[in-house]
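Where a number appears in this text, it was derived from the coordinates with a stated rule and is not lab data. Note that the coordinates shown come from a computational prediction; the quantities given were computed from them, not determined experimentally. We place every Cβ from the backbone using ideal geometry, glycine too, and count neighbours over all the protein chains shown.
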Amino acid sequence: MERTLNRRLLRDLKANFGRYLALFLMIVLGVYLVIGIVGASELVIIGTKNMKEVNRAEDGEFSVFAPLPDETIGRLTTDGTYIEKLFSTDLVGEDDSTVRVFAVRKDIDLVVLDSGHPAEDRAEAVFEKNYAKAHNLKVGDNFTVGGRPYTVCGLGSVPDYDQVLKTFASPAVDVDTFGVMFVSDAEYKDIRESLPEKVETYTYAYRLGDTTDDDLKDALSKSENVVLLSFTTYADNLRIEGAAGDVIMDKKVGLVAGIIVLILFAYVISVFVLHQIEREQSVIGALYALGVKKRQLMAHYIILPTIVALLAGVAGTALGFSPLGVGVMKQSTYDYFSIPEYEMVYPAYLVVYGIVIPPVICALVNLLTINKKLSRTALSLLRNEQSESNYRRVNLKIKNFSLLFAVRQLIREMRSSVTLVLGMVITLMVIILGINTYVLCSRVRDYNTEDTKYNYMYLYKFPDSEVPAGGEGTYVETLGIDCEGYMLDVTVIGIDREKGSRYFDASPEAGKSRAVINRSLVERFGYDVGDKIVLTDSAADMDYCFTATDISEYRVGFTIFMDIASMRELFGKSDGYINAVYSDKELGIDEAKLYSVTTKEEIKHSSAVFLTMMVPMTVTLISAGIVIFCVVMFLMMAVVIDRSTMGISLIKIFGYRPGEIRSLYLNGNLLVIAVGGLLTIPLAKGIIDKLYPSFIANVACSMDLAYPWYYYLGIYGCILLVYLAVNRLLVSKINRITPAEILKDRE
Amino acid sequence: MYLQIENLQKSYGKDESFIRVLKGVSTGVERGQMCVIQGTSGSGKSTLLNCVGGLDTIDSGSVKVDGKEIFGLKPAQLSDYRRDNLGFIFQFYNLVPNLTVKENILICRHIAENPLDLDDLLETLGLTEHQNKFPAQLSGGQQQRCAIARALIKNPKLLLCDEPTGALDSSTSRDILVLLEEINRKYNTTMLIVTHNNSIKNMVHKVIRLKDGMIREEYENAVRVPAAELEDL
């Protein structure tokens, strides 16, 4: 019995091939989109976590003014803490780039080689992989650094330079101008001896024994003859786990896209199935009347869409985990961050998401729909009876027939129209998610470039009170603000109230708890003038509360501006204390005094990097979103037009002309799409805008997601274009059917 | 001859599923005549009706209505032909379910050049009190009367009826046939009625019996039995 019944399946597939193909495509693309984005993020996150044991990643590092005496190290390691020196010196490469040279590490922050072998010979060097790529270096090539010729013996990466920043204050990675390399102990010793002492940096990396970061820092601070320059824990180190931190946003966007796509699956499949079942109503009734059991009918109707959903899920999952999915999505991370080639990971939840969820949704929706249908009598199904609510018996007093008909049609198709519009909202959310990401990144790039008025920013390693000629000295502190569990940096900049600033448009009031907040804080946290803002000094474990007295349009990161005198008083600094200088021209400050120099060009470059890194995800979201939108429109419109096919054929029989048919039956759909578009674009935009702050919870940046008017016009125009194309496709199909066929089918 | 059919051929499918439904049908119907087409299932009677109605294409032959050849007309021309000349009545009524009785009739009045008076027609068909009801609120007979009104409002010269009483009980069938008879008399409408019912042949002017796509019998009734007196409906 089932076997005979199931012979229909292939025929059904053939007869409705276009629709099953559309359903298949929608699921493949949805699953591909989510697995591509989230899978690439998981690859980096899980890879970094797993690699920690292999590369013996540090728990933290500190820099000191002079090398630690052996007895100090001995005292600090009695509790099992392991400390290894990671001394380095910056040399100039043959193409004028800066190369930071390290000796081969022993048991911490080990180099993981992609190719080649560790440096053993004096003339051998291992280069960081992205620097090597940017400088076209391969294993076996020769490269001169600091006037010394080296043969590239290996290419790899280290965990403490996952983000190859020259300093912690560097705005972005720039492998064209900075890289790291590793030489043998003997070679490093030789280099060090050939250079003046002050150019070497004395950094130690540690792995904690039976102690804490704070205790170690305490012990170091209390040690005699130790001048601690910096102490950075694993969590606070910008160079460590940069990639894993960066992909968190991708993962969140991917997961939200996943939920949207899941809702879309459930929604489209339910509409699809419901429509199929309605079309088959009399067949179901006949089979039911002939004694076929409910269970058999359910199994019969569930099997085809479920198999299609399963195959699509498998195809989407395979595509998502393939080089076209994860491979493409991970590339921007690999281009920017220096991380080893992690082994492919297949998180169970993603596999379940891709392979199990689509058929399960499909089967469930089918079960519920058919079960509901079969609760009716076989006779009612045979007669193809419609429930009274389907026709909403409203008496209309409209004289104009065309208008009357259009209104009737609108009332009749209300459910289909709502279905269509809801489908539009869900798919538009995926597209808007992609556009928002592009808009955010491009705005961050633009604001960073436009609002940075200085050309040079000098941060002092050793604070001074003398401001070099041509510079504007100020006092800068970094505090933190909690954003959904992430502690994000907020820069506090002191402004001289009398002189004002050439570079920052802010007029703070005097007072230790009064500050001007920047526009980024307003956009992200909704602060306004008069609001209280709590900022944290994590190192000192202290909170500061400020009242916002004004808003500055400066949008580079999170910044607050204080009266410099009040700021010095608040943080216990002396009068005239400065630790930063801004200028239009290069000031020639002694490099030994400086912690970092940042140019406007570097800020521009780093801002552009932010956008570049997001391009693959943005392109994938928008393009997959557009295709999914087209497919969903096709499926939904097919339902709407299917429901009108009989009516269209009937009035064709009466002699209605194509133009008249359009105005009676099809223009109503255009109206639904036109009005629906006007409603759904702002609705989808509003929903995604509300969700968006949580995607960038770990990024300190402005959040201006407003679209220019032509974006809205473009999206709206595209919706209408897609509608017209889909409509043409479907209506031409109706036109090919002769009225006689329709009548025969009906009878 | 108002309707002139010459050597009409029509087939469906190809290769193994090829079937010739009409195998050279030639006949004619005078203006104002009621003509019944009879035959068993698969004899080609509905196909013949559809070809005359321009609802289906013709392989070869000729169909002339009021002297105008419809074979070879383009879809838009066929549409105009139906609009200007024809009315259709179907076995299963094919009313638009979300339109009231009156609105269903208005569908056809909307495209008619010289429509009949709506109120008169509603009165003639006994639908005045039901005009604001929806099809689902009507009985089968009332629905078919609504379908007839919809077909007649255009004042068509040719009325094509495909099993007009096929879904009705005998009493309602008689009412509908009486109505058709009245309309024929009142408006001189030419009617082509496809039916299985053997009694209906007695009320019409002409009878055509099809078998296997060919005319087996064709005659005119010398004496017609009024619809009200038909037996075994």
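Go through the range A:483-541 and tell me which strands (runs of 3 or more DSSP E), entirely inside it, have 2 or more residues that are among the polar types (S, T, N, Q). Steps first, answer last, please.
Working: elements: A:486-495, A:514-518, A:532-537.
Counting at least 2 such residues, we get no strands (runs of 3 or more DSSP E) at all.
Of everything in the range A:701-741, what is farther than 19 Å from A:Lys652 by Cα, part of a helix (DSSP H, G or I) and among the small types (Gly, Ala, Ser)? Give them in sequence order.
A:Gly714, A:Gly717, A:Ala725
A:Glu477 versus (1) within 29 Å of the chain's Cα centre (by Cα); (2) of a type outside the set (A, V, I, L, M); (3) assigned to a strand (DSSP E or B): which is the lone unmet condition?
Checking A:Glu477 against (1) within 29 Å of the chain's Cα centre (by Cα); (2) of a type outside the set (A, V, I, L, M); (3) assigned to a strand (DSSP E or B), the one that fails is (1).
Which of (1) within 12 Å of another protein chain (Cβ to nearest Cβ); (2) part of a helix (DSSP H, G or I); (3) within 14 Å of B:Pro156 (Cα to Cα) does B:Leu121 not meet, given it meets every other one?
The single condition B:Leu121 does not satisfy is (1).
Given the conditions (1) within 30 Å of A:Glu601 (Cβ to Cβ); (2) crowded, with 17+ Cβ neighbours inside 10 Å, report the number of the one that A:Asp584 does not fulfil.
All conditions pass for A:Asp584, except number (2).
Scan the range B:171-191 and give yes if some residue there is among the aromatic types (Phe, Trp, Tyr) and more than 13 Å from every other protein chain (Cβ to nearest Cβ), otherwise no.
Yes, the range B:171-191 contains at least one residue that is among the aromatic types (Phe, Trp, Tyr) and more than 13 Å from every other protein chain (Cβ to nearest Cβ).
Can you find a residue that is touching a residue at least 40 places away in the same chain (Cβ under 8 Å), in a helix (DSSP H, G or I) and of a type in the set (A, V, I, L, M) anywhere in the range A:155-167? Talk me through it step by step, then tell me what you get.
Taking the range A:155-167 and keeping what is touching a residue at least 40 places away in the same chain (Cβ under 8 Å), we get A:155-167.
Keeping just the survivors that are in a helix (DSSP H, G or I) gives A:159-161.
From the residues that got through so far, the ones that are of a type in the set (A, V, I, L, M) too are none.
No, the range A:155-167 has no match at all.
Which number in (1) within 11 Å of chain A (Cβ to nearest Cβ); (2) within 28 Å of B:Tyr81 (Cα to Cα) marks the one condition that B:Lys133 misses?
Evaluating B:Lys133 over (1) within 11 Å of chain A (Cβ to nearest Cβ); (2) within 28 Å of B:Tyr81 (Cα to Cα) leaves (2) as the failure.
Say whether the condition of being crowded, with 19+ Cβ neighbours inside 10 Å, closer than 21 Å to A:Tyr665 by Cα and of a type in the set (Val, Ile, Thr) is met by at least one residue in the range B:83-93.
Scanning the range B:83-93, I find no residue that is crowded, with 19+ Cβ neighbours inside 10 Å, closer than 21 Å to A:Tyr665 by Cα and of a type in the set (Val, Ile, Thr), so the answer is no.
Can you pull out the residues in the range A:222-273 that are assigned to a helix (DSSP H, G or I), out of contact with any Ser or Thr (no Cβ under 8 Å at 6 or more places or on another chain), of a type in the set (Gly, Ala, Ser) and farther than 30 Å from A:Thr369 by Cβ?
Hits for the range A:222-273 are A:Gly242, A:Gly245.
If I filter the range B:72-79 for residues that are surrounded by 15 or more Cβ atoms within 10 Å (Cβ to Cβ), more than 7 Å from chain A (Cβ to nearest Cβ) and under 27 Å from B:Ile208 (Cβ atoms), do I get at least one hit?
Yes, some residue in the range B:72-79 is surrounded by 15 or more Cβ atoms within 10 Å (Cβ to Cβ), more than 7 Å from chain A (Cβ to nearest Cβ) and under 27 Å from B:Ile208 (Cβ atoms).
Out of A:Val164, A:Val199, A:Val247, report the one residue that is hydrophobic (A, V, I, L, M, F, W, C), closer than 30 Å to A:Arg148 by Cβ and surrounded by 17 or more Cβ atoms within 10 Å (Cβ to Cβ). Spell out how you get there, then give the answer.
Values: A:Val199 fails: surrounded by 17 or more Cβ atoms within 10 Å (Cβ to Cβ); A:Val247 fails: closer than 30 Å to A:Arg148 by Cβ.
Matching residue, one of A:Val164, A:Val199, A:Val247: A:Val164.
Within the set of pairs 6 or more residues apart or between chains, which connect a residue that is more than 9 Å from every other protein chain (Cβ to nearest Cβ) and under 13 Å from A:Glu413 (Cα atoms) inside the range A:630-654 to a residue that is buried (at least 22 other Cβ atoms within 10 Å of the Cβ) and among the small types (Gly, Ala, Ser) with Cβ atoms less than 6 Å apart?
Note: pairs meeting the criteria are A:Met636/A:Gly423.
Only one of A:Val421, A:Val407, A:Val394 is in a helix (DSSP H, G or I), farther than 22 Å from A:Asp250 by Cα and either free of Cβ contacts under 8 Å to residues at least 12 places away in the same chain or within 12 Å of chain B (Cβ to nearest Cβ) (or both); which? Before the answer, list the steps.
Numbers: A:Val421 fails: either free of Cβ contacts under 8 Å to residues at least 12 places away in the same chain or within 12 Å of chain B (Cβ to nearest Cβ) (or both); A:Val394 fails: in a helix (DSSP H, G or I).
Answer to the check: A:Val407.
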